[in-house]
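The values are calculated or read from the model by the stated rules, or taken from the named source; none is laboratory data. This structure is a prediction, so every number in the text was calculated from the model and none was measured. All Cβ positions, even for glycine, are placed from backbone atoms using ideal geometry, and neighbour counts span all protein chains on display. Please note that ligands, DNA and RNA were not included when accessible areas were found on the heavy atoms of the full protein model with its side chains. Shrake-Rupley method; radii C 1.70, N 1.55, O 1.52, S 1.80 Å.
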Amino acid sequence: MSPKETGEKLIASNKKARHEYHILDTYEAGLVLTGSEVKSLRMGRASLVDGYVFIERGEAWLDAAYIPEYLNGSWTNHAPRRKRKLLLHRQQIDKLYQKTREGGMTIVPLRLYFLDGRAKVEIALAKGKKEYDKRQTMRERQDKREAERAMRTRNRMGE
């Protein structure tokens, strides 16, 4: 028998979400999964790119996140893009519901990971970026990269 799993193991991250949205607030939520979903995640296979979170009847749900079928599964396998319940505190769900009702805000999944053997998803309250915001972010990233490159070459010359 193996020792109890500890630490954090990243399964999937949603880089596109950080590009498309201004991240305002983040939350850690548990996931209600079936056995074949957990086994598939342990193999490190998942995608959050098209995923989104919505709140319905006081419950938070993760929809359109892709967890492929477990290869060794039988007829009990899960549907790859089914909606999955998120486990959050009542106050967190109420706060997210209020913020999304104000308009212009949405809830997106950022990371899917195991924390001490339990599947968790990091979700974020986010506001959509305009096209010029995306271009500015890309420009800032490129400027930073060029500055670091110049510093590296300068440091090499000095040696």
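Below is a table of values for the structure above.
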read-out: Residue in the stretch 48-61 that is over 15 Å from the mean Cα position of the chain (by Cα) and of a type in the set (Asp, Glu) present; value: yes
read-out: Lone unmet requirement of (1) at pLDDT below 90; (2) out of contact with any Lys or Arg (no Cβ under 7 Å at 6 or more places or on another chain) for residue 106; value: (1)
read-out: Test: residue in the stretch 23-35 that is charged (D, E, K, R) and at pLDDT below 85; value: no
read-out: Total residues in the stretch 112-132, condition within 20 Å of residue 52 (Cβ to Cβ) and touching a residue at least 60 places away in the same chain (Cβ under 8 Å); value: 13
read-out: Residue in the stretch 52-62 that is part of a loop (DSSP other than H, G, I, E, B), in the same structural domain as residue 105 (by the TED database) and either of a type outside the set (Val, Ile, Thr) or within 18 Å of residue 116 (Cα to Cα) (or both) present; value: yes
read-out: Unmet criterion (only one of (1) charged (D, E, K, R); (2) at pLDDT 90 or above; (3) over 16 Å from residue 30 (Cα atoms)) for residue 135; value: (2)
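Yes/no per residue for (1) among the polar types (S, T, N, Q); (2) open to solvent by 40 Å² or more (accessible area, probe 1.4 Å); (3) free of Cβ contacts under 8 Å to residues at least 40 places away in the same chain; (4) part of a strand (DSSP E or B):
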position	(1), (2), (3), (4)
6	yes, yes, no, no
11	no, no, no, yes
18	no, yes, no, no
22	no, yes, no, yes
25	no, yes, no, yes
29	no, no, no, yes
38	no, yes, no, no
41	no, no, no, no
45	no, yes, yes, no
